[in-house]
Amino acid sequence: MRYTIILNASELATNTGTKAVEGAAMGRLLTLEDAALIFRDDTILFVGTTQDAKIWLDEHLTAENNLVTLDATGKTVIPGFIDPHTHFVFGGFRDDEFNRRLSGASYMEIMDMGGGIQATNRATKHATEDELFDAGIKRLERMLDLGITTVEGKTGYGEDTKTEDKMLRVMERLDKEHPVDIVMTYMGAHAVPPRFKGRTGDYVDYLIEEGLPMAQGRAKFCDIFTEKNVFELEDSERLLVAAKEMGFKLKLHADEIVPLGGAGLAATLKAISAEHLLKASDKDLIAMRDAGVIATLLPCTAFSLKEPYARGRDMIDMGLAVALGTDLNPGSCYTQSIPLMIALATLYMHLTVEETLTAVTLNAAAALDRSDTLGSLEAGKKADILILDCPNHGHLSYHFAMNLVETVIKNGKTLR
């Protein structure tokens, strides 16, 4: 039986529990100096000081046990990062659109001219499954370098069920063959295809009749781009109610561009999370809080689009549970940079570094309905652990936009 001990850490920092942490509690971390952590196979057994860890080993290990020692002197130990919002499986690129936006074109203007999501839809449809798989492996490898140990992946670049099925097959293969865990979300309602122009309701019917049954039992979540002139509230509710009846848990892209009321719909439907929320009203945010809906914020997207940031400080002060995701996608946010996201959250969304660490670990796990096993360092949880090349967690914001990850442990295996 193999045990591993990480010892002599300058600091261990984590939130604790099996549910999302709300409001001010997001800033209350467990921090230990001269810290140690012991895990067996893929499960954490002990978290405490190095001295207490040695006592624990004396009491529990026998001569037959194999012990691996990792010396973390001068380093910081935290949970593996979790990215609860990405669109990382896609074909093609949209660098031309990015540079057009730099010249003044808006995201919606580009979309109206046949660019945006529709451009990626065409490229994804024509890409082979192996091409999408190979590109996905490269993106997952970069995530692992940055300390991401679990990631959500959405479909949504298929204008037909066949392409959406291909995206799910790619993610299923990636989840089996790559150590980063992938939580799949079905998002057939990402954009209305040209053949359904002016007939959004008919497209929602198509998704209910074909798309949801195809994804049932495969994708954990159903998501929808609830936005003016895309999927408005009535159509969004109709699709999500159908998805819930089929066993999907719910997510919403809500109130990103205009204050349509998607956050309020998320509260009404008791979704796991509502995401983006740049324009969400106080009334709807309070409804989300009362319904236990997690606010998943995506500061890299606001940065890329040069839009105002979501009101993360206000949301935490209102008592919401806030998670952070990169929103890696080929159009509005082509990055999986956790260090950049942390910098933006602390500098421009006014989160403390403690709140930010909670948002990218335990609350991100809760946004994927996995906080019972992931997102914190405590006995009984999975051994998804990062060792940072810095003396305390404060360096995550202080040494801004730099990758401080030195060691990545996923399911008890040292991968970096």
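Limited to region 391-411, what total is found for residues that are surrounded by fewer than 19 Cβ atoms within 10 Å (Cβ to Cβ), touching a residue at least 60 places away in the same chain (Cβ under 8 Å) and either under 30 Å from Asp223 (Cα atoms) or not aliphatic (A, V, I, L, M) (or both)?
So the answer is 9.
Do we have Glu256 as within 21 Å of the chain's Cα centre (by Cα), closer than 30 Å to Ala287 by Cα, in contact (Cβ under 8 Å) with a residue 60 or more places away in the chain and in the same structural domain as Glu131 (by TED's automatic domain parsing) here?
Criteria not met by Glu256.
Show me the strands (runs of 3 or more DSSP E) entirely contained within region 13-83 in which 1 or more residues are touching a helix residue (DSSP H, G or I) at 6+ places or on another chain (Cβ under 6 Å).
Counting at least 1 such residues, we get 30-40, 43-49, 81-83.
Collect the residues in region 357-412 that are out of contact with any Pro (no Cβ under 6 Å at 6 or more places or on another chain), of a type in the set (A, V, I, L, M, F, W, C) and in a loop (DSSP other than H, G, I, E, B), keeping them in residue-number order.
Answer for region 357-412, where residues must be out of contact with any Pro (no Cβ under 6 Å at 6 or more places or on another chain), of a type in the set (A, V, I, L, M, F, W, C) and in a loop (DSSP other than H, G, I, E, B): Val360, Leu374, Ala379, Ala383, Cys390, Phe400, Leu404.
It is to be established whether one or more residues within region 163-175 are in contact (Cβ under 8 Å) with a residue 60 or more places away in the chain, in contact with a helix residue (DSSP H, G or I) (Cβ under 9 Å, 6 or more places away or on another chain), under 18 Å from Ala367 (Cβ atoms) and buried (at least 24 other Cβ atoms within 10 Å of the Cβ).
Taking every residue of region 163-175 in turn, at least one turns out to be in contact (Cβ under 8 Å) with a residue 60 or more places away in the chain, in contact with a helix residue (DSSP H, G or I) (Cβ under 9 Å, 6 or more places away or on another chain), under 18 Å from Ala367 (Cβ atoms) and buried (at least 24 other Cβ atoms within 10 Å of the Cβ).
Would you tally the residues in region 287-308 being of a type in the set (A, V, I, L, M), buried (at least 17 other Cβ atoms within 10 Å of the Cβ) and outside any strand (DSSP E or B)?
6
So which residues in region 213-255 are surrounded by 18 or more Cβ atoms within 10 Å (Cβ to Cβ), among the small types (Gly, Ala, Ser) and either in contact with a Lys or Arg (Cβ under 8 Å, 6 or more places away or on another chain) or not in a helix (DSSP H, G or I) (or both), if there are any at all?
Once the filter is applied, which keeps residues that are surrounded by 18 or more Cβ atoms within 10 Å (Cβ to Cβ), among the small types (Gly, Ala, Ser) and either in contact with a Lys or Arg (Cβ under 8 Å, 6 or more places away or on another chain) or not in a helix (DSSP H, G or I) (or both), region 213-255 yields Ala219, Ala254.
The values are calculated or read from the model by the stated rules, or taken from the named source; none is laboratory data. Keep in mind the model is a prediction, meaning the values are calculated, not measured. Because the Cβ atoms are built from the backbone with ideal geometry, glycine has one as well, and the counts that use them run over all protein chains shown.
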